[in-house]
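Just below is one structure, and these are the notes that go with it.
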């Protein structure tokens, strides 16, 4: 009887650990704020472009960015996403205090960052106004069954460059902070 009880306790522990690791257990994720990336790129000691603030496989943009505020919410079960950013602007360079050439952004949920199973799930493109404000409410598809340590990034979608409007697409410029999970 004692052996059967130990097996039951071990099985219950395994099931609980599996539920805690799955997205179903942590359906609603919220990031209380969105802040800009303060990045270190272009090491002057080398000829190569180096990026020192990657998030998994996602590179940071080459300019520092700041925000007044923002927030994000993602439901890992349904794929519902809502995010807002206020005052997303470049710090320094000739574009300081503006959005520079960036005209649209995307919200990205990163699951399993840095792992071979990393998944980057994007919203559709969201217009960014001249004051650095943007809002999105919609869906993303393909959230994996296990989404360990989910992160929220704001990335460049398009820039005002007729020759290459997607030249900087995918670089991250802001991230969600103060994550909370609501089962």
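Below are the figures for this structure:
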| read-out | value |
| --- | --- |
| Selected residue (criterion: nearest to the chain's Cα centre (by Cα)) from residues of the range 68-77 that are within 12 Å of residue 88 (Cβ to Cβ) and surrounded by fewer than 21 Cβ atoms within 10 Å (Cβ to Cβ) | 69 |
| Checking residue 137 against (1) in contact with a strand residue (DSSP E or B) (Cβ under 8 Å, 6 or more places away or on another chain); (2) assigned to a loop (DSSP other than H, G, I, E, B); (3) touching a residue at least 24 places away in the same chain (Cβ under 8 Å); (4) surrounded by fewer than 20 Cβ atoms within 10 Å (Cβ to Cβ), the condition it does not meet | (2) |
| Residue check for residue 122: under 16 Å from residue 69 (Cβ atoms) and surrounded by 15 or more Cβ atoms within 10 Å (Cβ to Cβ) | no |
| Unique match (being touching a helix residue (DSSP H, G or I) at 6+ places or on another chain (Cβ under 8 Å), part of a loop (DSSP other than H, G, I, E, B) and in contact (Cβ under 8 Å) with a residue 24 or more places away in the chain) among 131, 148, 113 | 148 |
| Among (1) surrounded by 15 or more Cβ atoms within 10 Å (Cβ to Cβ); (2) at pLDDT 95 or above; (3) closer than 19 Å to residue 38 by Cβ, the one test that residue 168 misses | (2) |
| Breaking point among (1) assigned to a strand (DSSP E or B); (2) surrounded by fewer than 20 Cβ atoms within 10 Å (Cβ to Cβ); (3) modelled with pLDDT of 95 or more, for residue 181 | (3) |
| Number of the exception - residue 147 against (1) more than 12 Å from the chain's Cα centre (by Cα); (2) closer than 22 Å to residue 67 by Cα | (2) |
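The values are calculated or read from the model by the stated rules, or taken from the named source; none is laboratory data. Quick caveat: nothing in here was measured; it's all calculated off a predicted structure. Note that each Cβ is placed from the backbone with ideal geometry, even for glycine, and that neighbours are counted across all protein chains shown.
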